[in-house]
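Reading through the structure tokens given below for one structure.
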Amino acid sequence: MTFQGKSVVVTGAGKGIGRATAVYLAARGADVIALSRSAADLDSLKAEIGCRTRTVDLADVADTRSAAEEACPADFLVNCAGTTELDGFLDLPVETFDAIMAVNCRAPLIVSQAYARDRIARGAKGAIVNVSSVAALIGVPEHTAYCASKGALDGMTRVMALELGRQGIRVNAVNPVVTLTPMAEKAWSNPAKSGPMLARIPLGRFVQPAEVASVIAYLLSDEAAMVNGISMPVDGGFLIN
Ligand code: NAD
């Protein structure tokens, strides 16, 4: 796969899967436009791959919209930024629910609208990958808001694929199981919690960020020219168990 001469917006590019995706795409020739919250993370990414950067708080509607519009035009978009907090269902504050939905589902809506409007205005084709999770498809204890946000993101992905597909823009999701990033550290560092997850994965290990990045790159590329509207697990077989 080559992305020579192609530009790709990656949200959440400062750390974890988003960073691995930016590095993977840049290594294959892409001009990356990295959006994330931390200027320090973006500076270190820029030093590594020479990308364009824009700090943004994706929980903020106006900031998200202006960052997305500034990032255009771009050939492709990866909505990767995400967040989580651990709360039992009965104790989940509505403010936490709203904050997680804002970053994990509303921000992909806003960024994708700006990206797709620009592609359509130019008469150009495109592709979007939304980074979802196996949590869209199963219940995970203490992840009410996170599961709701990823289920919503998969639903939105299908409607985007229906409507934008007719305009030549393919839209798909990737749904990783536990992936070894700072977010996974927050949710899964307790072996009592991570052990049962690991035991359900036939391939016997958690995912490396680069193993999600390569699937994202495939879904963006012409190799996946007729793939539209799917939620693709990257889970070592977790969901068949
Ligand atoms: P991470 O916490 O390691 O990195 C997330 C990145 O998003 C960071 O650069 C962070 O600064 C950015 N970000 C978060 N909130 C933001 C905001 N409000 N504004 C701007 N940027 C913001 O996370 P990760 O593990 O790499 O997760 C990336 C995506 O993959 C998320 O959507 C996550 O839900 C999904 N995912 C992760 C796992 C996992 O186990 N790590 C599994 C399945 C899906």
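Structure above, values below:
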| quantity | calculated |
| --- | --- |
| Amide H partners (placed H, <5 Å) of Val171, local residues excluded | Ile128, Gly229 |
| Average accessible area per residue (Å²) across the range 15-115 - probe 1.4 Å, nucleic acids and ligands excluded | 44 Å² |
| Estimated inter-spin distance, Leu239 and Lys193, nm [label 7 Å along Cα→Cβ] | 2.2 nm |
| R0 of 35 Å, Cβ-Cβ distance Asp63-Asp91: FRET efficiency to nearest 0.05 | 0.75 |
| FRET E, pair Arg117, Lys46, Förster distance 25 Å, beta-carbon r, rounded to 0.05 | 0.40 |
| Total charge dipole magnitude, the range 135-209, about the Cα centre, Cβ charges on Lys, Arg, Asp, Glu only, Debye to nearest 20 | 140 debye |
| The chain: most fluctuating residue of Pro93, Pro209, Pro176 per GNM, C-alpha cutoff 10 Å | Pro93 |
| Using θ = phi - 60° and Karplus 6.51 cos²θ - 1.76 cosθ + 1.60, couplings along the range 166-180 (whole Hz; Gly, Pro as x) | 5, 9, x, 10, 7, 9, 9, 10, 10, 10, x, 7, 3, 10, 7 |
| Candidates Leu92, Leu45, Leu220: whichever shows maximal mean-square fluctuation once the chain is modelled as a Gaussian network with Cα springs under 10 Å | Leu92 |
| Length added when fully stretched, Val227-Glu185, from 0.36 nm per residue minus Cα-Cα | 11.9 nm |
| Of Ile120, Ile128, Ile216, the one that fluctuates the most in a GNM where the chain has Cα springs shorter than 10 Å | Ile120 |
| Entries of Lys125/Lys150; Lys46/Lys186; Lys46/Lys150; Lys6/Lys46; Lys150/Lys193; Lys6/Lys125 with Cα pairs more than 22 Å apart | Lys125/Lys150; Lys46/Lys186; Lys46/Lys150 |
| Cα shape, the range 7-234, gyration tensor, a/c 1.5 rule | rounded |
| Extended-chain gain in nm, criterion 0.36 nm per residue less alpha-carbon gap, Met1 and Ser38 | 10.3 nm |
| Accessible carbon and sulfur surface of the chain relative to its total accessible area, %, 1.4 Å | 55 percent |
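The values are calculated or read from the model by the stated rules, or taken from the named source; none is laboratory data. From a predicted model like this one, the values you see are computed outputs, not experimental measurements. All Cβ positions, even for glycine, are placed from backbone atoms using ideal geometry, and neighbour counts span all protein chains on display. Side chains included, ligands, DNA and RNA excluded: accessible areas come from the protein's heavy atoms. Shrake-Rupley method; radii C 1.70, N 1.55, O 1.52, S 1.80 Å.
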